[in-house]
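S.K.: The structure under discussion is supplied below as structure tokens; questions concerning it will follow.
All of the numbers you see were taken from the coordinates with simple rules; none came from a lab. Please read all numbers here as calculations on a predicted model, not as lab measurements. Methodologically, a virtual Cβ is constructed for each residue, glycine included, from the backbone with ideal geometry; neighbour enumeration extends over all protein chains shown.
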Ligand SMILES: Cc1cc2nc3c(=O)[nH]c(=O)nc-3n(C[C@H](O)[C@H](O)[C@H](O)COP(=O)(O)OP(=O)(O)OC[C@H]3O[C@@H](n4cnc5c(N)ncnc54)[C@H](O)[C@@H]3O)c2cc1C
């Protein structure tokens with residue numbers, strides 16, 4: 001790698017691959033590196049759900065939509081917290097990105113488009129994904145990248161980690177890389193694009209950026225925030241870490257491993273009306289369990305001690321209710337009570353409370369009040385509507401669940417040309433960023449906006465490669 005490149009892209013994931021493809025199509029000499037031994041990044045994990053207004057897919061379904069309405073939905077759902085300029089860029093260019101994917105073979109799942117799925121619904125059906133989630137997106141992009149590699153425009157270097165940014169008089173001139181065997185080299189480039197993802201796999205950086213809320217994540221282990229730290233080391237502005245909202249709710253497979261969170265519980269009343277109650281460490285209910293807004297339930301859980309809750313029920317509910325976990329079979333789940341560190345079983349509520357470490361007197365009172373609400377058919381405390389049966393048939397059961405995340409909220413600030421900003425909000429020459437390295441909160445605020453991470457990462461990568469990156473020399477043919 002003893003050569004100079006027009007464009008260096010750090011991270012061959014969701015944002016980095018389109019950056020390389022489009023810059024390559026424009027004739028740039030691109031170096032695309034990844035610390036992992038395969039391309040794709042978080043697309044191997046992601047559900048791949050995307051929102052875009054005015055797509056060919058919507059037109060096929062007779063849906064009339066407009067980016068202005070998409071933006072209005074994002075402002076409404078985020079309570080005005082989306083970045084007004086960057087969200088507009090992501091939304092105004094979303095349909096072109098989505099059409100690029102479908103033109104190149106992405107087949108939207110047959111149940112799509114939908115208005116909402118797991119997060120707050122949009123006002124119209126603009127939300128879609130491929131059958132294999134993020135992998136469906138990668139399968140579309142891979143051949144396009146291979147073509148550029150074949151043409152010699154893109155050099156792909158796997159198991160190559162960026163360790164720092166190289167600067168001369170405040171201008172970024174390249175990167176230092178480390179190969180798997182530990183050898184280091186310096187590579188020079190006219191543009192450096194940080195597409196190195198988030199930091200939900202880095203407990204230390206998480207604690208620094210979001211000290212109030214503990215990390216429990218399910219994500220790509222390479223989401224270590226190395227791009228953020230490298231840019232910060234040369235004076236880049238990093239913010240948004242405090243804008244964390246947990247997902248509702250997962251389980252820590254290993255109580256002492258923050259990266260062992262798993263989802264799978266069907267807590268959304270749209271898919272399964274709850275038969276259980278949710279209590280906090282004090283043994284008290286804290287939310288209407290069947291509240292139709294997932295955002296409402298997520299914010300309620302976020303404010304509980306240790307961002308944790310206990311799902312309380314009994315053997316009668318376990319046997320009669322629809323199964324509560326989409327990822328494990330009913331028979332398997334039954335065996336977990338008493339064996340899994342987060343599944344508890346006891347003959348009395350007091351004993352259950354002791355095993356869970358929650359207040360026994362409060363739990364008994366909470367269940368008594370709840371059973372009275374079931375008897376009366378009215379939950380005066382929270383207005384819950386799903387009251388199928390009381391909790392009164394031992395053994396009593398509990399699952400400890402936590403607010404968890406698949407994304408990191410904070411990251412690098414950029415301007416409308418996707419240039420990384422310093423602490424004085426001035427662009428750092430030759431340094432660009434796209435994807436989760438910007439922080440999820442920049443385009444979503446303190447909420448979850450359906451499909452506003454994966455497709456914006458692709459869009460920002462596409463725009464960088466197509467028109468925002470500039471380089472000197474005859475190879476910039478398409479300009
Ligand atoms: C389980 C899960 C479900 C999700 N579902 C959705 C969804 O349905 N819709 C949605 O919009 N979003 C979703 N997301 C989020 C979305 O998928 C990600 O935010 C997005 O894919 C991130 O793209 P990226 O390009 O920023 O990072 P990535 O795709 O993670 O790419 C970053 C790449 O950089 C590499 N890298 C990191 N550090 C270095 C280094 N120092 N040197 C070289 N390479 C490095 C990594 O190995 C990786 O390949 C989900 C995320 C997860 C985990």
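S.K.: Tell me, how many Å apart are the Cα centres for region 350-399 and for region 81-118?
M.R.: 42
S.K.: Using Cα-Cα distances under 8 Å and only pairs 6 or more residues apart, what relative contact order does region 247-404 have, in percent?
M.R.: Numbers: 284 pairs, mean separation 54.0, N = 158.
Across region 247-404, relative contact order equals 34 percent.
S.K.: Next question. How far apart, in nanometres, would the label points at residue 204 and residue 422 be if each is projected 7 angstrom from Cα along the Cα-to-Cβ direction?
M.R.: If labels sit at residue 204 and residue 422, their model points lie 2.7 nm apart.
S.K.: With a Förster radius of 35 Å, plug the Cβ-Cβ distance of residue 306 and residue 184 into 1/(1 + (r/R0)^6) and report the FRET value to the nearest 0.05. Before the final figure, lay out each step's value.
M.R.: Numbers: r = 41 Å, r/R0 = 1.18.
It comes to 0.25.
S.K.: Based on DSSP, what percent of beta bridges with both residues in the chain are antiparallel, to the nearest 5? Walk me through the numbers before you get to the answer.
M.R.: Working: 43 of 61 bridges.
Among the beta bridges of the chain, antiparallel pairing accounts for roughly 70 percent.
S.K.: Classify region 247-404: rounded, prolate or oblate, from the alpha-carbon gyration tensor (a ≥ b ≥ c, eigenvalue square roots; a/c under 1.5 rounded; otherwise prolate if a/b is larger than b/c)?
M.R.: On the way: a/c = 1.28, a/b = 1.15, b/c = 1.11.
Rounded shape, in that the Cα axes give a/c under 1.5.
S.K.: Then there is this: Under 15 Å from the 7 Å Cα→Cβ point of residue 131, by amide nitrogen: which residues of region 82-115?
M.R.: Taking a point 7 Å out along Cα→Cβ of residue 131, the residues of region 82-115 whose backbone N falls under 15 Å are 105-112.
S.K.: If you don't mind, there's one more thing I want to ask. Give the angle, between 0 and 90 degrees and rounded to the nearest 10, that separates the Cα long axis of helix 134-151 from the longest principal axis of the Cα atoms of the chain.
M.R.: 10
S.K.: Is any residue of region 370-411 close enough, with backbone N under 19 Å, to a label point placed 7 angstrom from the Cα of residue 360 along the Cα-Cβ axis, and if so, which?
M.R.: Of the residues in region 370-411, 392-399 have backbone N under 19 Å from the label point off residue 360.
S.K.: Bin width 10 Å, origin at 0, all Cα-Cα pairs of region 418-479: what percent of pairs per bin?
M.R.: 19, 41, 30, 9, 1
S.K.: Add -39500 (n - 2.57) for each DSSP H run of 4 or more in the chain, then divide by its residues: what number comes out at 222 nm, to the nearest 500 deg cm²/dmol?
M.R.: On the way: 15 runs with 139 residues, N = 479.
Taken over the chain, the calculation gives -8500 deg cm²/dmol.
S.K.: May I ask for the angle, rounded to the nearest 10°, between helix 360-376 and the longest principal axis of the chain, with both axes built from Cα atoms and the value confined to 0 to 90°?
M.R.: 80
S.K.: What is the gain in length, in nm to one decimal, between residue 232 and residue 327 on full extension, counting 0.36 nm per residue of separation less the C-alpha to C-alpha distance?
M.R.: Details: separation 95, 0.36 × 95 = 34.20 nm, distance 3.88 nm.
Once the chain is fully extended between residue 232 and residue 327, it gains 30.3 nm.
S.K.: I want to check the label-to-label distance for residue 254 and residue 393. Put each point 7 Å from Cα in the C-beta direction and report it in nm to one decimal.
M.R.: 3.8
S.K.: Which order results if 412, 86, 463 are arranged by neighbouring Cβ count within 10 Å, fewest first? Display every interim value, and only then the final one.
M.R.: Numbers: 412 25, 86 19, 463 22.
Fewest to most other Cβ atoms nearby, the residues stand as 86, 463, 412.
S.K.: In addition: Expected output is a single nm value to one decimal: the length gained when fully extending between residue 385 and residue 159, i.e. 0.36 nm times separation in residues minus the C-alpha distance. What is it? Don't skip to the end; give the middle numbers.
M.R.: On the way: separation 226, 0.36 × 226 = 81.36 nm, distance 5.30 nm.
Answer, rounded to one decimal: 76.1 nm.
S.K.: Per residue Cα convex hull volume for the chain, in cubic angstrom? List each step's numbers first, then the result.
M.R.: On the way: hull volume 71.1 nm³, N = 479.
Value for the chain: 149 Å³ per residue.
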